[in-house]
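These notes are about the structure you will find just below.
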Amino acid sequence: MEPDVLDWPFFDAHHGVLARELDAWAAANLADAHGTDVDAVCRALVTRLGQGGWLRHAVAGVEHGGAHAAIDTRAICLIRETLARHAGLADFAFAMQGLGSGSISLFGSAAQRSTWLPRVADGSAIAAFALSEPAAGSDVAALQCAARRDGDAWVLDGEKTWISNGGIADFYVVFARTGEVTERSARGISAFIVDAATPGLEVAERIDVIAPHPLARLCFNGCRVPAACLVGGEGDGFKVAMATLDVFRTSVAAAALGFARHAMAEALAHAQARPMFGKLLADFQLTQARLAQMALEIDAAALLTYRAAWLRDSGKRVTKEAAMAKLAATESAQRVIDGAVQLFGGQGVQRGQVVEGLYREIRALRIYEGASEVQLLIIARELLAPQHAGYMPGD
């Protein structure tokens, strides 16, 4: 986080304190946030983040261990940007605690909140958000996982895939169709809290990706959960999912900013130290132009990101603004990191180099929580909505 950014009018005084304290903590505690056993690293990071008090910002309700009565989107974004700049897996660990429990923070019953949120906040329980399916990613209306009522329980059958924290989570918030399974509609979907130890829930496959994270495909075969595990009302699942994503989609943009700032710092240091043709790499106008473009993209994305976070904290609906932030920040971060790799030349693609790792880290952000193409559709839909409601130019 650039110090002058904290002076922007989007932030309150406590946000600056939070960002500076986390930056110091991360420098002292995240140097070893890597390893070949990704599951073990992520578990350890959740514990460490909980002990450090940072996971309190991922949940709502002081009485449930949260830092604030409601989710502070700006705080979440500042935390994700800072963690991503220091260690990608630390950002992942924090983000999944928030996303996995966000539905409970926003829509959970008093009993659900008191059961799960304190454990998420102190790092003793790992959370996961299970929405995507083999044939239903961004197209939620195609969701096929089904839940049927059976006495005082719901019985889940179906599959989920690309589930972050799959295989290490202690519980999943699972979205399933409680209406007709063949009905292609966003209506009739409900959300359920499923303890990872519930019979009928199986981690069917672990998924390996270019920037290793715990990912899995889940199978539900007669998975029986108590009726009290329903989050919100029956049929409220789409609303629950979209409200949760509106919070955390903006934070994806913040994570992209963190990766981009790290790449920018690496590129600046390298350009000012690398001899070339009797000069330094930074002395060439082509290098200067590339660095200037990188800086421009980072600041533009930061403005969109923290505008969206501030608007949400102000009580505004931010579907369009969150989509703009997520689209702009992830796409620009990809270009910034690619530019850094180019400036490093052959070293930039050498495994183990910082910019090479960032190149692998950033790619997934343009896909998860709504691919860039989906963000464009969301923005267009929001722009067209006033016309559909009878809006005319000049009104």
Flag if Ala241 is in a helix (DSSP H, G or I) and buried (at least 24 other Cβ atoms within 10 Å of the Cβ): no
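Yes or no, residue by residue, for (1) modelled with pLDDT under 95; (2) among the basic types (Lys, Arg); (3) assigned to a helix (DSSP H, G or I); (4) farther than 28 Å from Ser132 by Cα:
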{"position": "Thr330", "(1), (2), (3), (4)": "no, no, yes, no"}
{"position": "Val341", "(1), (2), (3), (4)": "no, no, yes, yes"}
{"position": "Gly346", "(1), (2), (3), (4)": "yes, no, yes, yes"}
{"position": "Arg351", "(1), (2), (3), (4)": "yes, yes, no, yes"}
{"position": "Val355", "(1), (2), (3), (4)": "no, no, yes, yes"}
{"position": "Tyr359", "(1), (2), (3), (4)": "no, no, yes, no"}
{"position": "Ile362", "(1), (2), (3), (4)": "no, no, yes, no"}
{"position": "Tyr368", "(1), (2), (3), (4)": "yes, no, no, no"}
Pairs with Cβ under 9 Å, 6+ apart, first in segment 244-271 and modelled with pLDDT of 95 or more, second of a type in the set (Phe, Trp, Tyr) and surrounded by fewer than 24 Cβ atoms within 10 Å (Cβ to Cβ): Val252/Tyr368; Ala263/Tyr359; Glu266/Phe344; Ala267/Phe344; His270/Phe344; Ala271/Phe284
So Ala169, is it closer than 18 Å to Gln97 by Cβ and not in a loop (DSSP other than H, G, I, E, B): no
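So which of Ala228, Ala256, Ala265 ends up being assigned by the TED database to the domain that holds Asp195 and either among the hydroxyl-bearing types (Ser, Thr, Tyr) or assigned to a helix (DSSP H, G or I) (or both)? Spell out how you get there, then give the answer.
Numbers: Ala256 fails: assigned by the TED database to the domain that holds Asp195; Ala265 fails: assigned by the TED database to the domain that holds Asp195.
Matching residue, one of Ala228, Ala256, Ala265: Ala228.
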Yes/no for Arg307 being among the charged types (D, E, K, R), surrounded by fewer than 21 Cβ atoms within 10 Å (Cβ to Cβ) and not in a helix (DSSP H, G or I): no
Leading residue by the ranking (surrounded by the most Cβ atoms within 10 Å (Cβ to Cβ)) among those in segment 332-344 that are within 15 Å of Leu291 (Cβ to Cβ) and of a type outside the set (A, V, I, L, M): Ser332
Residue satisfying condition, being within 22 Å of Val318 (Cβ to Cβ) and of a type in the set (Gly, Ala, Ser), within set Gly61, Gly65, Gly88: Gly61
Inter-residue pairs, beta-carbon under 9 Å, first on the phi > 0 side of the Ramachandran plot and in segment 187-206, second hydroxyl-bearing (Ser, Thr, Tyr) and part of a loop (DSSP other than H, G, I, E, B), 6+ apart: Gly188/Thr178
Those residues of segment 349-380 which are surrounded by 22 or more Cβ atoms within 10 Å (Cβ to Cβ) and over 19 Å from the mean Cα position of the chain (by Cα), in sequence order: Val355
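The values are calculated or read from the model by the stated rules, or taken from the named source; none is laboratory data. Given the structure is predicted, the values throughout are model-derived calculations rather than measurements. FYI the Cβ positions are ideal-geometry reconstructions off the backbone, even for glycines, and counts take in every protein chain you see.
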